[in-house]
Amino acid sequence: MLNEQQKNLIAGEAAGAEAAGFLLAGQQALVHRQGWLKMLAPRAAGGAEMPLPQVVRLEEALAEAEGSLGWVVTLCAGAGWFAGFLPPETAREIISTPDVCLAGSGAPTGFADKEGEGYRIAGRWDIASGAPMATHFTLNAVLRENGQPLAREDGAPRIRAFVVPAAQVVVEPTWRSFGMKGTASHSYCVEGAWVPVSSGFTIDPAHATAPGTLYRVPFMLLAWVTLAANLSGLARHFLQLAHETVAARRQPSASAQDAVAQAAVALEGARERMYALLDQAWAQAEGEEGSIAGELDTQLREASMALVLSARRSVGDIYPYCGLRAAQEDSDINRVWRDFHTASQHALFTP
C-alpha cells in the first residue's frame, strides 16, 4: 500500500506541516507524483479511476502515516470524483491541470445568478481542506434568476454544484483548530465570478457522465467509508504510539499493556466488518444490477459509524495510560491525539 520510503517522507514532515499550517513541499510533491488526488477521477479525463475498496484502504494507510495528509488526500480526491459528473470535455480540461487539486465545501452558502450561457457566482464557503494547494474549488450555490431564488417543486431552494478555477477564488486563513493543522482547511470567497454552464454538475448516479462503477456509488456512502477510514488510520497510529509510550514508562504496567492490546483487537474487529461489507458492496455495484442495494448501503454506513465509535473508544480509553508524555504538545502521540479529536468532529460523525 505504502512503502517505507513514502511513510518516512510523510511522517518526517508531519511536525513541520503542523508548525507551518499546511502540507510541506516534500509531502505535496509525493501526493502529486503518486497521482493520489486523481485516483477517483475518470480514466477518460486522465484520472486513475481506482476501485473504491482500494482507495479506502490507501486513504486509511495515509491517515495512519500522517493525519493531515491523509485527510487532504481524501477530501481533495473526493472532489476529484466529481469529474465523473461534469461534461467530459470540462472534466478532461480540469484533471489535465498540472498538480491538479480540487478543494471545496458542501454548504450552499452562496448564490449562482443565471447570466447568458453561464452563472455569476458570489458567496463565502467554510472549511476547504487543502485550500492552499487547490487549482480549483467546488461549491454548492442557490440558483437565482433576476435576483430571485429559484424553488423546487417542494418549495425548497434549487441548489447546484459548480467548479471554479482558483484564480477566481480568494482564500481566507480561518483554520485555527488545535489539531489537523496541516490540512489548512480555510474559508474561501467568490466575488461575482462568471462560469459557463458546463461548470455546473449534479452529484447523483443518475446524472453521472462517466460510465464506471465508481460513479454509481451514492455520494453519502462514499463520504461515510472514506472518512471513517481516516479515523481508523488515526486511531491505529495512536494505539501504536500508546504501545510504545506505555512500554517506555519507568514502571511499565502489565494492565496498561493489556488494555492497549485489547483496544487494538476491538478496533481491528470493527475494521474487518466495514471492509468486508465494502468489498461486498463494490462487487454488487460491479455486478449485473450495477448498483448497491439499499439494505447493503445501510449496513455499510452503520459499519462505518461503528468503526468510528470503536476508534473513539480505543483512543479515549487508552489515553489515560500514557502519562504526561501524551500531554506534551511537541510529542507525536499528542499530535495524533489532537488530530483524531479534530477529525472526529466532522459533521457526519457528530450526534
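Every residue in segment 292-318 that is closer than 25 Å to Gly179 by Cβ, open to solvent by 60 Å² or more (accessible area, probe 1.4 Å) and more than 23 Å from the chain's Cα centre (by Cα), please.
Asp317
Is there a residue in segment 78-87 that is touching a residue at least 40 places away in the same chain (Cβ under 8 Å), among the aliphatic types (A, V, I, L, M), over 15 Å from Asn230 (Cβ atoms) and in a loop (DSSP other than H, G, I, E, B)?
The answer is yes; a qualifying residue exists.
Residues to consider are Ala276, Ala283, Ala247; find the one that is more than 18 Å from Arg313 (Cβ to Cβ), without any contact (Cβ under 8 Å) to a residue 12 or more places away in the chain, part of a helix (DSSP H, G or I) and over 28 Å from the mean Cα position of the chain (by Cα).
Details: Ala276 fails: over 28 Å from the mean Cα position of the chain (by Cα); Ala283 fails: over 28 Å from the mean Cα position of the chain (by Cα).
It is Ala247.
Here are His207, His186: which of them is over 27 Å from Arg273 (Cβ atoms) and either touching a Ser or Thr at 6+ places or on another chain (Cβ under 6 Å) or among the charged types (D, E, K, R) (or both)?
Criteria check complete, one pass: His186.
Is it the case, given these coordinates, that Ala184 is buried (at least 20 other Cβ atoms within 10 Å of the Cβ) and in contact with a strand residue (DSSP E or B) (Cβ under 6 Å, 6 or more places away or on another chain)?
Judged against the criteria, Ala184 is not a match.
Only one of (1) over 26 Å from Ala29 (Cα atoms); (2) open to solvent by less than 10 Å² (accessible area, probe 1.4 Å); (3) not in a strand (DSSP E or B) is not met by Ala107, so which one is it?
Here Ala107 clears every test but (2).
What are the residues in segment 121-165 that are open to solvent by 80 Å² or more (accessible area, probe 1.4 Å), touching a strand residue (DSSP E or B) at 6+ places or on another chain (Cβ under 6 Å) and farther than 27 Å from Gly21 by Cα, if any?
Hits for segment 121-165 are Glu145, Arg158, Ile159.
Table: residues versus (1) surrounded by fewer than 15 Cβ atoms within 10 Å (Cβ to Cβ); (2) among the β-branched types (Val, Ile, Thr); (3) at positive phi.
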residue	(1), (2), (3)
Thr213	no, yes, no
Arg216	no, no, no
His237	no, no, no
Thr245	no, yes, no
Gly290	yes, no, yes
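Tell me whether segment 48-69 contains one or more residues that are open to solvent by 10 Å² or more (accessible area, probe 1.4 Å) and in contact with a Ser or Thr (Cβ under 7 Å, 6 or more places away or on another chain).
no
Using beta carbons and a limit of 6 Å, which pairs, at least six apart or on different chains, have the first residue in segment 177-202 and of a type in the set (Phe, Trp, Tyr) and the second one open to solvent by 10 Å² or more (accessible area, probe 1.4 Å) and assigned to a loop (DSSP other than H, G, I, E, B)?
Within 6 Å, the pairs are Tyr188/Val169.
In the list Leu227, Leu231, Leu214, Leu221, which residue meets the criterion of being touching a His at 6+ places or on another chain (Cβ under 9 Å), part of a helix (DSSP H, G or I) and closer than 18 Å to Met50 by Cβ?
Values: Leu231 fails: closer than 18 Å to Met50 by Cβ; Leu214 fails: touching a His at 6+ places or on another chain (Cβ under 9 Å); Leu221 fails: touching a His at 6+ places or on another chain (Cβ under 9 Å).
Leu227 is the lone residue from the list that is touching a His at 6+ places or on another chain (Cβ under 9 Å), part of a helix (DSSP H, G or I) and closer than 18 Å to Met50 by Cβ.
Within segment 18-47, restricting attention to residues that are in contact with a helix residue (DSSP H, G or I) (Cβ under 9 Å, 6 or more places away or on another chain) and of a type in the set (D, E, K, R), which residue is surrounded by the most Cβ atoms within 10 Å (Cβ to Cβ)?
Lys38
The values are calculated or read from the model by the stated rules, or taken from the named source; none is laboratory data. None of these values were measured; they are calculated from a predicted model. Note that each Cβ is placed from the backbone with ideal geometry, even for glycine, and that neighbours are counted across all protein chains shown. When the accessible area is computed, the model is the full protein with side chains, heavy atoms only, and any ligands, DNA or RNA have been set aside. Shrake-Rupley method; radii C 1.70, N 1.55, O 1.52, S 1.80 Å.
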